[in-house]
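Asks: My questions all concern the structure below.
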Amino acid sequence: MTLTFDSEEDKIYKAAITKTTNAEKVRELVAAHPLEAAKLIVKLAPLADLHTATEASTADPNERFYIFGAPFPFRTAQINLYADTLRKRFSQNDRLKDGVDFLYGVFDRLLNKAIGLLAFCGLLLTAFGVLAERLPIEVKTSWRGYSGALLPLAAALPCLMMFFMHWAAARSYESDASDFDAMFFSVRWRTWLVAISVYLVLADVFVMLWLMWVWLHLPPTTH
């Protein structure tokens, strides 16, 4: 983007961007030429957002991880983009330790999600037990009936796997950079586990809705 300034605007602009210029000098120029200063601000305003237009901007909707777009291995390019973006962000001013703390926060939120999913799996299993007592035997022994019982248990397994804790390799603690990489790897595979559990829970919800529909449409029993 090419900008052109008149003589007074150019004088104010150069004074403002020169590090050795005294701030009082800039204020004097603005006070002496307020109209030119206002014109200069209007001309420079469009440049304010140029820093967001990077080649690998994470603002692209295709780079976000939606519920059906979890960072599984086949999305390696997206995973690497997020890792590089975070590393670049926290490498400035030697703040990589803050990046490790940031990933620890994500790690904690994933554990909270796993706890919530485990509780919901328990509710689904309890609901199936109550519902199964009211369903005919041919429905309970169908693949949907077995799915209603087994899917909550299958969905709980990935969540339980998240609670297997172990120490990382010793070299992972040699520097902030290696600690960052190890923590990003840990967050990534735990995200996979949460995503798998969510998919299984969603499948069981649809099965339970079908079983409830069957129950609601059963002919009334006579006593």
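Just so you know, all these numbers are worked out from the coordinates, no wet-lab data involved. Owing to the predicted nature of the structure, the values given are computational and were not obtained by experimental measurement. Note that we place each Cβ from the backbone using ideal geometry, even for glycine, and neighbour counts take in every protein chain shown.
Asks: May I ask you to verify whether Leu218 is surrounded by fewer than 18 Cβ atoms within 10 Å (Cβ to Cβ) and not in a helix (DSSP H, G or I)?
Replies: Details: surrounded by fewer than 18 Cβ atoms within 10 Å (Cβ to Cβ): yes; not in a helix (DSSP H, G or I): yes.
Yes.
Asks: State the number of residues belonging to the range 98-110 that are touching a Phe, Trp or Tyr at 6+ places or on another chain (Cβ under 8 Å) and in contact (Cβ under 8 Å) with a residue 40 or more places away in the chain.
Replies: 3
Asks: With Leu153, Leu117, Leu110 as the choices, which residue is over 30 Å from Pro220 (Cβ atoms), in contact with a Ser or Thr (Cβ under 6 Å, 6 or more places away or on another chain) and aliphatic (A, V, I, L, M)?
Replies: Sole residue among the options that is over 30 Å from Pro220 (Cβ atoms), in contact with a Ser or Thr (Cβ under 6 Å, 6 or more places away or on another chain) and aliphatic (A, V, I, L, M): Leu117.
Asks: Quick test for you: out of Cys121, Cys159, pick the one residue that is touching a Pro at 6+ places or on another chain (Cβ under 6 Å), assigned to a helix (DSSP H, G or I), touching a residue at least 40 places away in the same chain (Cβ under 8 Å) and among the hydrophobic types (A, V, I, L, M, F, W, C).
Replies: Details: Cys159 fails: touching a Pro at 6+ places or on another chain (Cβ under 6 Å).
Of the residues listed, the single one that is touching a Pro at 6+ places or on another chain (Cβ under 6 Å), assigned to a helix (DSSP H, G or I), touching a residue at least 40 places away in the same chain (Cβ under 8 Å) and among the hydrophobic types (A, V, I, L, M, F, W, C) is Cys121.
Asks: Further question on the same structure: Are there any pairs with C-beta distances below 7 angstrom linking a residue in the range 136-150 that is closer than 17 Å to Phe206 by Cα and without any contact (Cβ under 8 Å) to a residue 12 or more places away in the chain to a residue that is assigned to a helix (DSSP H, G or I) and of a type outside the set (S, T, N, Q), with the two at least 6 apart or on different chains, and if so which?
Replies: Pairs that qualify, where the first residue is closer than 17 Å to Phe206 by Cα and without any contact (Cβ under 8 Å) to a residue 12 or more places away in the chain and the partner is assigned to a helix (DSSP H, G or I) and of a type outside the set (S, T, N, Q), are Lys140/Ala132.
Asks: Do we find that Phe180 is among the aromatic types (Phe, Trp, Tyr) and crowded, with 18+ Cβ neighbours inside 10 Å in this structure?
Replies: yes
Asks: Would you check which residues across the range 124-144 are over 29 Å from Leu193 (Cβ atoms) and either β-branched (Val, Ile, Thr) or in a helix (DSSP H, G or I) (or both) and list them? Write out each step before concluding.
Replies: Our first condition is that a residue be over 29 Å from Leu193 (Cβ atoms); within the range 124-144, this holds for 133-142.
Ile137, Glu138, Val139, Lys140, Thr141 - these are the residues of the range 124-144 that are over 29 Å from Leu193 (Cβ atoms) and either β-branched (Val, Ile, Thr) or in a helix (DSSP H, G or I) (or both).
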